[in-house]
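The values are calculated or read from the model by the stated rules, or taken from the named source; none is laboratory data. All values derive from a computational prediction rather than experimental measurement. Neighbour counts are summed over all protein chains in view; Cβ atoms, including those assigned to glycine, are modelled from backbone coordinates with ideal geometry. Just so you know, the surface numbers come from the protein's heavy atoms only, side chains and all, with ligands and any DNA or RNA stripped out. Shrake-Rupley method; radii C 1.70, N 1.55, O 1.52, S 1.80 Å.
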Amino acid sequence: MFPPPPVIATEVFARLPESFRRKGRCAWGDANNGRRDTDCFLEGPVFDRAGNLYVTDIPYGRIFRVDPVGRFELVAEYDGQPNGMKIHRDGRIFITDYRRGILTLDPASGKVSDFLVTRHSESFKGVNDLYFADNGDLYFTDQGQTGLQDPTGRVYRWTLSPALPQGGGRTSPPPLGGQGRTFPPPLGGGQGEGQFLRHLLHIPAQYRRQVRIHHRRIPARHHLHQRAHHVRRGDLLESH
């Protein structure tokens, strides 16, 4: 049906130094890494305008800055499980923290602050990633441990607009801070505060078996990223 994906060679750009690697097991690793020792788990890469790369370390609540030549610097360490990141135009780094919701990071001071930790006093399932629209609205996923076995993952939009926008016009980005409202994205005409969307990434039941079969039949030699034998957890790769 589709041609095999091309092989894109990669090489190690930077490696988390041993001094930053933790020893032994942790609660996150027990739940997500088969109860094996977990020295780190890097996620959420995002570049600033100076070319620095920021990454999260989920199990240990750490944010690292990697300079253009690959040197790691610890920017923040706090009690949480940071996953995705996006840099706002005002310089703040927004974080989806699996345990705590939406947080912000001041990259200069390393201060981490709560931004959106509940919705109508209800905790999130476990936020995962985020994206800023052109008009400044913040979209983020709330997947928790959902999947095909539990298709209740959610996508939210956080906005300062008093009403859901209609049409595709652009507006000036609202200042993120203060009181906003959490709406579902206007998908298929669904509207209304206090609602949330389900099944945005859900595969209908009649297609599940087909998808699984196709996944199994992809030849092992075809990879979008060719991993070298020396790659290990905590490495950052670049492709050519």
So how many residues does segment 1-10 have that are open to solvent by less than 90 Å² (accessible area, probe 1.4 Å) and either part of a loop (DSSP other than H, G, I, E, B) or not β-branched (Val, Ile, Thr) (or both)?
6
Test Glu43 against the criterion of being open to solvent by 10 Å² or more (accessible area, probe 1.4 Å) and either closer than 15 Å to Ile93 by Cα or at pLDDT 95 or above (or both), and give yes or no.
yes
Keeping to segment 51-83, report how many residues are open to solvent by 40 Å² or more (accessible area, probe 1.4 Å) and β-branched (Val, Ile, Thr).
1
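The rows are residues; the columns are (1) more than 19 Å from Gln145 (Cα to Cα); (2) free of Cβ contacts under 8 Å to residues at least 12 places away in the same chain; (3) part of a strand (DSSP E or B).
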residue: Gly24; (1), (2), (3): yes, no, no
residue: Trp28; (1), (2), (3): no, no, no
residue: Ala31; (1), (2), (3): no, yes, no
residue: Asp37; (1), (2), (3): yes, no, no
residue: Cys40; (1), (2), (3): yes, no, no
residue: Tyr54; (1), (2), (3): yes, no, yes
residue: Pro59; (1), (2), (3): no, no, no
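Per-residue answers, yes or no, for (1) within 14 Å of Gln81 (Cβ to Cβ); (2) among the small types (Gly, Ala, Ser); (3) open to solvent by 50 Å² or more (accessible area, probe 1.4 Å):
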site	(1), (2), (3)
Arg99	yes, no, yes
Ile102	yes, no, no
Ser109	no, yes, yes
Val112	yes, no, no
Ser123	yes, yes, yes
Asp129	yes, no, yes
Gln145	yes, no, yes
Leu148	no, no, yes
